[in-house]
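Worksheet: one structure, shown below.
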Amino acid sequence: MTGNDFRTPLSRARGLGSAHHGVSGFLVERTTSIALVPLCLWAVYAAIKVAPLGYESAVLMLRQPVNAIMSLLLISVSFLHMREGLKVVIEDYIQTHAARILALLLNSTLCWGLWSVAAFSILRVAFVGGPVL
Amino acid sequence: MAEATSKGKTAAMRPIAPHLQVWRWHVTMAASILTRATGIALYGGAIIAAVWFTALMLGPDAFGLVMALLGTWAGKVVLFGLTVSVFYHLAAGLRHLVWDAGAGFQPGTANMTAVAAMAFALVASVVVWALALQTGAVR
């Protein structure tokens, strides 16, 4: 051990302590939050526009390229931001190692899974329209 | 700071982390808790959005069911809560970005921006819902 390093050689060998990639999580949270400022304002606007529409008009609205692209961006950036955000909450409050790993895996699975389903739905409606057999 | 204990050794006076049970209520503390709470609420909101897009893909029956559920009183309460959450989390996020730039930490400024974020969330939500009701987007 040298100078200011308070860690034992064993703890370093076991890979405990900082993993040295915390900055990427911090940056993902910040960059996505900046992108979400215009995206969530658009989401509120679009929600009001789509709320009174019936099925066919809603499909036609999402088929407009601008709406499809904005929806795709909204869903993608939101799920990235949510995954980072809930990760911090889980790491703060869940102390048991196994429960924490499980919660982190569940968080990632839910975010990536729902993103895939939502993104597929948006693209399918945009390219194909309503349900096609 | 160090303090002599009964055993004659010195024990460091470690700073205590903020915690609901030991921390005095304060507006900045409420603002911080609200940021997390609205973030978790918006997690639910994103799940609703994903379900909505999926229903739109599945067809008129699934879409009709989702819209009917969102149109109930309970659905409207959830949607209003999500509107407040969007605007509060947005304002709180901007506050955090200013802090990341190294500004806004003075107690007076922090208190003021905390109250401003809460007021903005309420006013913006009421304005948006008033517009939605007036234009017939929500009945």
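Each value in this text was obtained by applying a stated rule to the coordinates, not by laboratory testing. Not measured: the values here are computed from a predicted model. Neighbour counts run over all protein chains shown; Cβ positions are idealised from the backbone, glycine included.
The table below gives the values:
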| item | result |
| --- | --- |
| Exposure proxy ranking, count of Cβ atoms within 10 Å, fewest first, for A:His81, B:His96 | B:His96, A:His81 |
| For chain A, size of Cβ-based charge dipole, Lys and Arg +1, Asp and Glu -1, in debye | 180 debye |
| Phi-based couplings in Hz for the range B:127-137 (Karplus 6.51, -1.76, 1.60; Gly and Pro marked x) | 4, 4, 6, 5, 5, 5, 5, 5, 7, x, 5 |
| Where labels lie 7 Å past Cα in the beta-carbon direction, separation of B:Leu94 and A:Val37 in nm | 0.8 nm |
| Tilt relative to chain A, helix A:97-128 - C-alpha long axis, 0 to 90 degrees, to 10 | 20 degrees |
| Helix A:65-93 axis, angle to chain A major axis (alpha carbon atoms, nearest 10°) | 30 degrees |
| Between the range B:68-104 and the range B:113-129, the alpha-carbon center distance in angstrom | 9 Å |
| Shape box of chain A [Cα atoms, principal axes, largest first, Å] | 68, 32, 24 |
